[in-house]
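The values are calculated or read from the model by the stated rules, or taken from the named source; none is laboratory data. Quantities reported herein were computed from a predicted structural model and do not represent experimental measurements. In this analysis, Cβ positions are derived from the backbone assuming ideal geometry, glycine residues included, and neighbour counts consider all displayed protein chains. Side chains are part of the model used for accessible areas, which takes the heavy atoms of the whole protein and leaves out ligands, DNA and RNA. Shrake-Rupley method; radii C 1.70, N 1.55, O 1.52, S 1.80 Å.
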Amino acid sequence: GATIELEGLTKRYPGSDRPAVDNVSMEIAAGETVILVGPSGCGKSTTLKMINRLIEPTGGRIRIGGEDVTDMDPVKLRRTIGYAIQASGLFPHMTVAQNIALVPKMLRWPSARVRDRVEEMLDLVGLDPGEFRDRYPRQLSGGQQQRVGVARALAADPPVLLMDEPFGAVDPITRDHLQDELIRLQRELHKTIVFVTHDFDEAIKIGDRIAVLREQSHIAQFDTPEAILTN
Ligand code: ADP
Ligand code: ADP
């Protein structure tokens, strides 16, 4: 994993009268799983998108492993950050295998290693490679698409994972399995994970620390699940 430091992070969308994210500072340790919980519209997705450089902050800084993300070239950024979102974000014109192979290929992994990795990732998220490898996203259920989205985020073994309600559309049994896998990844592979959810039970289960956010991502509480449950 790598540390993530947010310093005075701010985003004001053009034409809006107040920032969606206002002056947020947070330090996340290497190998830590931090959960962002808070009401819809409080700026959780905006925060993740800024960390992943999908949108530009209007103020503040983001450092990953001590390096300002604005100094990272696109390849370095893809190598560093895996991103999984609720709407899976799969490319519809690519098969499941092609979607999962995207970043490893971009990083020029040898093709045999890419093929093995695709199988490994499908196994990890509970999809039979023989059955699902060559399907297109439209041939999958919503939950299956999400699992492929998670497989794609993990494929290149990035030190940092950003996950925006990645299990929202998955059935309860698969969700439980994926949560356990995430805990294992964090324990064994020391991923640094920032995870957005509405589900407080999920936050308690997988978080090392939970940031309870109010409007504009103001941090109301930032503590361990134990401490949050006793307050
Ligand atoms: P959350 O993920 O916590 O639900 P978001 O980060 O999606 O919150 O949104 C935070 C605020 O920013 C909301 O008020 C939302 O309407 C606004 N917002 C999000 N995306 C845009 C955008 N592209 N343009 C303008 N306003 C936006
Ligand atoms: P869910 O209730 O999870 O949304 P669906 O009803 O969409 O599931 O799909 C049920 C099963 O049918 C899933 O295993 C899915 O992979 C399969 N399926 C759905 N659409 C197609 C399709 N167009 N081609 C092949 N298999 C499909």
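Assorted remarks:
- Against the test of being modelled with pLDDT under 95, surrounded by 15 or more Cβ atoms within 10 Å (Cβ to Cβ) and of a type outside the set (Val, Ile, Thr), the options 97, 153 yield a single qualifying residue, 153.
- Residue tally, condition closer than 21 Å to residue 83 by Cα and within 13 Å of ligand 2 (Cβ to nearest atom), over the stretch 134-151: 12
- Residue within the stretch 67-81 that is at positive phi and either assigned to a loop (DSSP other than H, G, I, E, B) or in contact (Cβ under 8 Å) with a residue 40 or more places away in the chain (or both) present: no
- Test: residue in the stretch 120-135 that is small (Gly, Ala, Ser) and surrounded by fewer than 20 Cβ atoms within 10 Å (Cβ to Cβ): yes
- Condition broken by residue 221, with the remaining ones in (1) at negative phi; (2) of a type outside the set (A, V, I, L, M, F, W, C); (3) more than 15 Å from the chain's Cα centre (by Cα); (4) in a helix (DSSP H, G or I) satisfied: (4)
- Residues that are more than 16 Å from ligand 1 (Cβ to nearest atom) and either modelled with pLDDT under 95 or open to solvent by less than 70 Å² (accessible area, probe 1.4 Å) (or both) within the stretch 5-32 comprise 5, 8, 25, 28, 29, 30, 31, 32, listed in sequence order.
- Filter result for residue 182 (in contact (Cβ under 8 Å) with a residue 24 or more places away in the chain, within 16 Å of ligand 1 (Cβ to nearest atom) and open to solvent by less than 70 Å² (accessible area, probe 1.4 Å)): no
- Candidates in the stretch 7-51 are the residues that are assigned to a strand (DSSP E or B) and under 16 Å from the mean Cα position of the chain (by Cα); of these, the one that is farthest from ligand 2 (Cβ to nearest atom) is 28.
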